[in-house]
Amino acid sequence: MPKSFFPKIEARQFLTRPSVASISAMAIAIAVIASAGIFWEVQKRSVHLQHARANVAEQLGVVRARLEGNINGNLQLVRGLVALIATQPDIDQNQFGRIASSLIGKHSQLRNVSGAPDLVIRLMHPMEGNVKALGLDYRKNVPQRDTALRAVNSGEMVLAGPVNLLQGGTGFIARFPVFTTTEDGTRRLWGLVAAVVDADRLYADSGLLDPALPVEVAILGRDANRTDKTVFFGDETIMEQEPVLSDVILPTGRWQIAAVPRGGWSAMPASTWRVRLLTVAGGLLVLLPIFIAGQLYDQRRGHIRELKRRQVQMEGLSKRLKLALDTSKIGIWELNMETGALAWDSRMRELYDIPEGHDTSKYDVWVDRLHPEDLERAEQEYREAIETGGTYQSDFRVVLRDGSIRWIRAIGAIHKNTRGQRYILGVNWDVSRDIQLKTRLLKAKQNAEDRNRELEDARALMEHYSLHDSLTGLPNRRFLDQELLDEEAPQKPTALLHIDLDRFKQINDTLGHAAGDAMLTHAASVLKENVSASDFVARIGGDEFVIAITEPADEASLAARADRIIAQMRRPVPFENHQCRFGVSIGIAMADTTLSDYGRHLLVDADIALYRAKSNGRNRYEFFSDTLKSEIVHNKNVADDILFALERQEFLPYFQPQFDARTLAITGVEALARWNHPTEGVLTPDRFLKTADELNVVHLIDRLILEQTLWQSTRWKAAGIDIPKMSVNVSASRLNDVQLVQSLEGLAFEPGSLSFELLESIFLDEKNDLIEANFDHLREMGVDIEIDDFGTGYASIVSLIHLRPKRLKIDRQLVIPITHSQSQRRLVASIIEIGQSLGIKVVAEGVESMQHARILRDLGCDTLQGYAFAPAMPSERLMQFVREERWREAS
């Protein structure tokens, strides 16, 4: 920049002729510095006090966590005893004392534990010092009757205290009602279990009596009643010193805990005077440059005026550019140059007249629409842009479905994403009107002016349509995005309800689009009835809506609103002599205002919550939480690992032997899927089967297990080990596969040596021609059919006769209780009799003991399977197990 740009200033101008502007600037600077100093000192004191309160809150949090953990830990120990008594109501003093002694010790603050069957104390530990309490009847003891009956009536534990104990000291008394379950499923009151927590030990173990504790603590809320303001620990004057407060959460109430620093609050930081002197010195250093700058002020005013004029021009240009972009009909497309995947937005579909639902991910979709005369030139320009890596620009014609012609202008540029993949991103827009307009301008200026006025009206209308749904009149996805992402919006959403219509597709497919439109219009009216004037409803997809809440809202109010919407949506909607019914699933997300772009996160969080609501049964709502997000991320990782595991064949069979109930000879094995995870070891199906089902790859796992089982059977034969039958599980999707039988061709196995186990829940009494045909083909191939987990699903006697399975397997839930439950034993006997009467062999799984084995043998069961004989094991261990005949030693 040339030196003449700045006017020459002599030094004496600063010293002898200070301008009015410099004097004003100095006065303002002095006022500002003084104000800043005062403001800083006020802020410093405020920050100092906030820091002190934060330190106290941190110390209080540690004490509260210890206190809460200790008292809840004591109560949890006693809950274990309560659960035991509920299952063994005839417990005696020796048993009670032995179990209670394990609860009392250095690991807890319990002083004694008593049991009162029929509300009369007959059990006690320790007995020393507590013998007088034996025989106490809670119903007749006035001081303790109300608390005891409150625990019985509420069915919940009641915590009382602190109270003065007869043995000395103070303590808290927890009374637990104990209920037992009769054979007909009704609950019966056994009595009460009372536990005394030593208050002094509780305070000491929680750190409240530590002399090094930097805060003074007081605790309020006698009998776990937070509304009670009685201080039962600490100095009552703490509550008059603006203490930091917190709650100690208890199972049936809470205490309030308060804390202040030892010695009280300090209002003045230590460095106040040093900072004051630094402020004065800094102010003096600031005044001299301000004085010099004041002399230059008048000379620079002209430059500033010029800059402001240009800024106004720039703002005008920016506004016009924004208006042009908003009102234009631009379609956006993107091509992955690595995979060849092409992505179009909805406007691109409109420009090229592509019908809804047509696949636009292929390059041929664009080529097929090009005008024959422009095809070669347009493709050449496209290829040159990709080869050179430069900007792509082309004008060409496309032929629409009705034969009409449309001119398209395309512009694109190549870029890379964070993973280094190359993309070409571009825009298309309709320039047919521009070309027609140019032609008409050559004919008449007046016609062009009229056309321009029409275009302005059309643009205004298109701007409205671009932000609203034409069917319901609601704002659309673009409008919602603007509201969520616009940082200058006057009211940012505080919560979102993402709503999806359940069963809408069935109505639309069976009654037609007119019915679907009527349902969407009805849904929109219901949603608009449930929002306030400041909120808005948007339709963001085919059957998806969003309610944006702009006022402060809590979970309770949002849940109540969601309940109202779900209830109203359930009501039938009349349409042409039909009563249409559909429901809604709702995902709710509340804004985290600590995030800079929380609007973008809000819609994603609501969508995750909606996904959970639909997966949990639909016609319900779910709130988004960090736990839900973590679970979604975890499920995504598990799904990726499953797909990799299929490629690396990490799934393998474990074999659990099956034994003849009378001779205990091995009659077969069941092949159970296991996942040999590279980092987590061998995983059972409960860790991966649900995710695999969502990925629709269960049939692939079934196939791997079947192939490996057949391969292992050849090893067993070569080793001289005779395994008469192998059972493998088959999923429902596999049964509905028209290629099932074809996929089994070529597999080597002897007829009658292979069985398919089918979950009972697969078989409803409804007829399924495909499944029946597959059953017939399987029998022709020599594959037996077995029903797994019988007694837990929906199979009826009719379906058993119709299916004609070779064997049925009684579920372990029915087998395990037969050693102590006559009703369960009779139920299992009935199932065995049904199988025998129909000529079906019966297998019992869940045989955990030889007592189970003897009972099942006497009931007439054919085959036994369970840990009493052998767990599931890999093939190598199975071979060794069979050779050594270890199960005979166990029997």
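Among the residues making up the stretch 228-253, those that are within 19 Å of Gly207 (Cβ to Cβ), within 38 Å of the chain's Cα centre (by Cα) and not hydrophobic (A, V, I, L, M, F, W, C) are Pro243, Ser246, Asp247. Of the conditions (1) in contact with a Gly (Cβ under 7 Å, 6 or more places away or on another chain); (2) touching a residue at least 12 places away in the same chain (Cβ under 8 Å); (3) more than 21 Å from Gln109 (Cα to Cα), Ala199 clears all except one; give me its number. Of everything listed in (1) in contact with a Gly (Cβ under 7 Å, 6 or more places away or on another chain); (2) touching a residue at least 12 places away in the same chain (Cβ under 8 Å); (3) more than 21 Å from Gln109 (Cα to Cα), Ala199 misses just condition (3). Being hydrophobic (A, V, I, L, M, F, W, C), touching a Pro at 6+ places or on another chain (Cβ under 6 Å), crowded, with 18+ Cβ neighbours inside 10 Å and at pLDDT 75 or above is true of Ile785.
In the stretch 104-132, the qualifying residues are those that are surrounded by fewer than 16 Cβ atoms within 10 Å (Cβ to Cβ) and among the aliphatic types (A, V, I, L, M), and the one that is nearest to Asp92 (Cα to Cα) is Met127.
Within the stretch 392-415, if we keep just the residues that are within 46 Å of the chain's Cα centre (by Cα) and among the basic types (Lys, Arg), the residue that is surrounded by the fewest Cβ atoms within 10 Å (Cβ to Cβ) turns out to be Arg401. When both residues are 6+ apart or on different chains and their Cβ atoms are under 8 Å apart, which pairs have a first residue that lies in the stretch 730-743 and is assigned to a loop (DSSP other than H, G, I, E, B), and a second that is open to solvent by 40 Å² or more (accessible area, probe 1.4 Å)? Close Cβ pairs (under 8 Å, with a partner that is open to solvent by 40 Å² or more (accessible area, probe 1.4 Å)) amount to Ser731/Asp693; Ser731/His699; Asn736/Asn768; Asn736/Leu770; Asp737/His699; Val738/Leu770. Screening Met337 on (1) modelled with pLDDT of 85 or more; (2) under 19 Å from Ala413 (Cβ atoms); (3) open to solvent by 20 Å² or more (accessible area, probe 1.4 Å) shows it passes everything except condition (1).
Conditions (1) open to solvent by 20 Å² or more (accessible area, probe 1.4 Å); (2) under 30 Å from Arg886 (Cα atoms); (3) free of Cβ contacts under 8 Å to residues at least 12 places away in the same chain, marked per residue:
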| residue | (1), (2), (3) |
| --- | --- |
| Pro574 | yes, no, yes |
| Asn577 | yes, no, yes |
| Asn616 | yes, no, yes |
| Lys629 | yes, no, no |
| Val633 | yes, no, yes |
| Asn637 | yes, no, yes |
| Gln658 | no, yes, no |
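Within the stretch 1-31, restricting attention to residues that are at pLDDT 70 or above and surrounded by 15 or more Cβ atoms within 10 Å (Cβ to Cβ), the residue that is nearest to Ile292 (Cα to Cα) is Met26.
You will find that of Arg612, Arg570, the residue that is open to solvent by 20 Å² or more (accessible area, probe 1.4 Å), within 25 Å of the chain's Cα centre (by Cα) and of a type in the set (D, E, K, R) is Arg612 and no other.
Looking across the stretch 182-209, the residues that are under 14 Å from Pro162 (Cα atoms) and open to solvent by less than 10 Å² (accessible area, probe 1.4 Å) come down to Ala195, Val197, Ala199, Leu202. Of all residue pairs spaced 6 or more apart or on separate chains, those with beta-carbon atoms under 6 Å, a first member in the stretch 136-152 that is closer than 23 Å to Arg79 by Cβ and a second member that is open to solvent by 30 Å² or more (accessible area, probe 1.4 Å) are Tyr138/Gln144; Tyr138/Arg145. Assessment of the stretch 523-533 against the conditions (modelled with pLDDT under 90, buried (at least 20 other Cβ atoms within 10 Å of the Cβ) and part of a loop (DSSP other than H, G, I, E, B)) yields no matching residue.
If the condition is being of a type outside the set (S, T, N, Q) and either under 17 Å from Tyr352 (Cβ atoms) or surrounded by fewer than 12 Cβ atoms within 10 Å (Cβ to Cβ) (or both), then the stretch 436-449 contributes Lys438, Leu442, Lys443, Ala444, Lys445, Glu449.
A residue that is within 17 Å of Gln865 (Cβ to Cβ), in contact (Cβ under 8 Å) with a residue 40 or more places away in the chain and part of a helix (DSSP H, G or I) occurs somewhere in the stretch 708-723. Considered as a group, the residues in the stretch 164-181 that are buried (at least 16 other Cβ atoms within 10 Å of the Cβ) and over 38 Å from the mean Cα position of the chain (by Cα) include one that is farthest from Gln822 (Cα to Cα), and that residue is Thr170.
Within the stretch 687-740, the set of residues being open to solvent by less than 60 Å² (accessible area, probe 1.4 Å) and among the small types (Gly, Ala, Ser) comprises Ala692, Ser713, Ala719, Ser727, Ser731, Ala732, Ser733.
The condition (being in contact (Cβ under 8 Å) with a residue 24 or more places away in the chain, within 30 Å of Leu803 (Cβ to Cβ), of a type in the set (Asp, Glu) and in a helix (DSSP H, G or I)) is satisfied by just one residue among Glu833, Glu848: Glu833.
The values are calculated or read from the model by the stated rules, or taken from the named source; none is laboratory data. All values reported here derive from a predicted model rather than from experimental measurement. Using ideal geometry, Cβ is built from the backbone for each residue, glycine included, and neighbour counts are taken over all protein chains shown. When the accessible area is computed, the model is the full protein with side chains, heavy atoms only, and any ligands, DNA or RNA have been set aside. Shrake-Rupley method; radii C 1.70, N 1.55, O 1.52, S 1.80 Å.
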